[in-house]
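See below for the structure under consideration.
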Amino acid sequence: MLKRVLMLALVSILSASCMAQQHPGAEEFAARAAEEYGLDPAEVTALLEGARFKQSIVDAMTRPAEGKDWHEYRPIFLTEKRIDGGVEFWRENEALINQASDRFGVDPEYIVSIIGVETFYGRITGRYRVLDALTTLSFYYPSEIRDRSGFFSKELMNFLVLGQKEGLPLDQVEGSYAGAMGLGQFMPSSYLEYAVDMDGDGRRDLWNSLADVIGSVANYLHRHGWQAEQPVTSRARVAEGADMERVSRSKLKPELTLAELAEAGFTPVDDIASDTPAAVTRLVEEDGDSFWVTFKNFYVITRYNRSPLYAMAVHDLADAIAQAHGE
Ligand SMILES: [Ca+2]
């Protein structure tokens, strides 16, 4: 009997401490929020005490989809449902997509495709509280992978700033396990910097205003240097004895001209001016590697998500949607 009473007491103590969690480093964080951003430290502390550590977020972070090979990654996004969904989303929002495309100089199918890859046109925007996600990844980042807790700590700070600026209910806002929000999955820093109020109601709402969502995705691509109606990528012909070092070294930033790449043994199958800056990337297919010449626009897509697999999926989906849409 006594054992049972003790047990119950222990459970209630544990659950009380779960209600108000003391996260390692939270105190210092609140002090910094006050000092550098003029936020109320007591409010920040109270908010963080209501944030919950989530093991599921740590688990998700240690196995992202970008760890897959291309032939496993592509079928996740290049489905008939996602292509048809894109055509439907485009037709339903034709005026807004045209408006954003004209205003920001971004090809419409890429605006549609990004929203399609990120959230299936708003069907999957994430069920984690952003506060829990960013707190978990700031203070409990998994030690077995490259430490990005600094990045998430900055995003947590930006999340607080965003809350103050946009009047968001920070303890309720939902997003991905990494804290990405709304139909375009904007991290707090991107929300602050690139979100636009395209419907003109005085707020930037990336959940409920399709005008704001579509405008913000277009502005994001625009601000990172999108070049309208310019190529994104082209399959590469690889000459015998091609300089494979170029593939590993060129990264994704287009730092060589097509003429220089041709000298190294890589030429695009499409007809593109030889002074165009480009890079080369390699994808793992089921039956070997494929090589791709990538251009500025490909690089711009990787500003959304650093993976070349991501950029290629966005490109392929954009292409498929544009064809089905009849462009
Ligand atoms: Ca708005």
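A few points about this structure:
- Note on region 191-211: residues that are among the hydroxyl-bearing types (S, T, Y) and surrounded by fewer than 23 Cβ atoms within 10 Å (Cβ to Cβ) total 2.
- Conditions (1) modelled with pLDDT of 95 or more; (2) away from the ligand (no atom under 16 Å from the Cβ); (3) of a type outside the set (D, E): number failed by Q164: (1)
- Test: residue in region 138-152 that is more than 14 Å from the chain's Cα centre (by Cα), among the β-branched types (V, I, T) and surrounded by fewer than 24 Cβ atoms within 10 Å (Cβ to Cβ): yes
- Applying the set (1) farther than 27 Å from M312 by Cβ; (2) part of a loop (DSSP other than H, G, I, E, B); (3) within 16 Å of the ligand (Cβ to nearest atom) to G122 leaves exactly one unmet item: (1).
- Any hit, region 172-189, residues being in a helix (DSSP H, G or I) and within 16 Å of the ligand (Cβ to nearest atom): no
- Helices (runs of 4 or more DSSP H) within region 215-327 that include 2 or more residues in contact (Cβ under 8 Å) with a residue 40 or more places away in the chain: 296-302, 308-325
- Evaluation of V213 against (1) over 17 Å from the mean Cα position of the chain (by Cα); (2) within 16 Å of the ligand (Cβ to nearest atom) (one fails), failing number: (1)
- Filter result for I214 (surrounded by fewer than 15 Cβ atoms within 10 Å (Cβ to Cβ) and not small (G, A, S)): no
The values are calculated or read from the model by the stated rules, or taken from the named source; none is laboratory data. Keep in mind that what you see is a predicted model, and the values were worked out from it rather than measured. Every residue, glycine as well, gets a Cβ built from its backbone with ideal geometry; the counts of neighbours run over all protein chains shown.
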